[in-house]
Amino acid sequence: MSGLERLREFDSGAQLDAVLALPDHLRDALWRVESARLRGHDSAGLMVCGMGGSAIGGDLAASALGDRCTGPLLTVRGYGLPSWATPEWTVLCSSYSGDTEETIACLEAATALGANRIAATTGGALAEAARAEDVPVVGVPAALQPRAAVGYMFVVAAESAAVAGVAPRIHTEIDAAADRLEQARTQLAEQAGEIAARLDGTLPVVYGADLSVSVARRWKTQVNENAKLPAFWAELPEADHNELEGWAGAGGHKLAAVFIEDSDQHPRERRRIELTAELAGETAAEVVRVETEGRSRTERLLCAVMLGDLVSLHLAALRRADPTPVRVIEQLKDRLGRP
């Protein structure tokens, strides 16, 4: 049985197909943003309000844009906007289902504030409330798991940053990245299988620096939801000032240290990764170092995202786990009381 066939064996919701469709999602998302005819505003900054797979797009967009941002691009995870928010901000409320209670609360707060608002969703209460207030809605296609809509949420956040006047448009980079991902799918799937084989039986701790910080977070959450495993993420160089010491007591705990490095890494960050990998490796069950590939920040970031998604599916297959259902999360929602 080939690697991809093995991934499909327990994949009731076709998560593999959704991951491999990332290039198509990116292109379709650009078209959907264009069709929404978002109105440009000179803003104090952009806040991307969301949770889980609907929030990570804001983090990834900020990473792809890097120092090209001319204003703040923040991700807000919670029930309200920061106390210092003013009407001059643009607020993107991102909820795949449209019924995420935290995100709906943020839309209400942004409306009360008088801020410029944008919504990204498949529908639900968020779309209904946005349209009632004449807020533009970028429609996202249904029938995906929220975490599989990462391409859409990334593009909407990046394009909203340009609309808000806090960053240049990077649509040409996104188009080029989609082409690269299309060509690299088989290679990334094979590489992911090799990484997963090394991580099998461990709990990953994923590290990123600069461009790869948001990628590390994405890898962690994909392992959680797809492979049904605890996983952790941290940022370098910060982790060298605290978390590194914890590896001294990691022996026997089957923790694996994963480092996502960027080919355009600051030389001191690269040196820190080398030394951190050496020191963590004294007690880690496994040390994996992965370097991004691509011509632009956007290309490198999205290739690393697809690779991590595929790693999580390989880990799910190794554990004979169906990546689609998120039963524990659904139990929590039931106990909270669904909207």
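The values are calculated or read from the model by the stated rules, or taken from the named source; none is laboratory data. Worth saying up front: this structure is predicted, and the values here are computed from it rather than measured. Note that each Cβ is placed from the backbone with ideal geometry, even for glycine, and that neighbours are counted across all protein chains shown. Surface accessibility is based on the protein's heavy atoms, side chains included, excluding ligands, DNA and RNA. Shrake-Rupley method; radii C 1.70, N 1.55, O 1.52, S 1.80 Å.
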Pairwise centroid distance, computed over Cα atoms, of the stretch 195-209 with the stretch 212-244, Å: 9
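Extension gain E278-R169, at 0.36 nm per residue separation less the Cα-Cα distance, in nm?
Contour length minus Cα-Cα distance gives 35.3 nm.
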Mean Cα-pair separation over length for the stretch 113-190, i.e. relative contact order, pairs under 8 Å, 6 or more apart, %: 19
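For A197 and H266 in the same chain, what is the full-extension length gain: residue separation times 0.36 nm, less their Cα-Cα distance, in nm?
Extra length available between A197 and H266 comes to 21.9 nm.
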Area accessible to solvent at V328, 1.4 Å probe radius, in Å²: 110
Apportionment of accessible area to carbon and sulfur, the stretch 172-234, percent (1.4 Å): 48
For the stretch 89-123 and the stretch 148-187, distance of Cα centres in Å: 21
Hits among lysines - C-alpha to C-alpha of K254 under 29 Å, sequence gap 8 or more where chains match: K220, K228
For the stretch 1-147: relative contact order, % (alpha-carbon pairs under 8 angstrom, 6 or more apart): 22
Sequence of D200, D59 when ordered by accessible area, the most exposed leading, probe 1.4 angstrom: D200, D59
Residue-by-residue Karplus 3J(HN,Hα) for the stretch 201-207, coefficients 6.51, -1.76, 1.60, Hz, glycine and proline x: x, 10, 10, x, 10, 9, 10
Gaussian network model of the chain, Cα within-10 Å springs - most flexible of A197, A176, A257: A197
Computed helical MRE - 222 nm, the chain, DSSP H runs ≥ 4 contributing -39500 (n - 2.57), nearest 500: -15500 deg cm²/dmol
For q = 0.21 Å⁻¹, Debye-computed log10 I/I(0) when each Cα of the stretch 186-339 counts as one equal scatterer: -1.32
Accessible area of the chain divided out per residue, in Å², using a probe of 1.4 angstrom: 43
Difference of contour (0.36 nm per residue) and Cα-Cα distance, E128 to A112: 4.1 nm
Prolate/oblate/rounded label for the stretch 21-139 (Cα gyration tensor, a/c 1.5): rounded
Accessible surface of W84 - all protein chains present, 1.4 Å probe, nearest 10 Å²: 130
Cβ-derived FRET efficiency at R0 30 Å, E291 paired with D67, nearest 0.05: 0.90
Two-site label geometry, R8 and W31: point separation in nm, points 7 Å out along Cα→Cβ: 2.5
Cα gyration tensor category, rounded, prolate or oblate, for the chain with a/c compared to 1.5: prolate
Apportionment of accessible area to carbon and sulfur, the stretch 20-149, percent (1.4 Å): 51
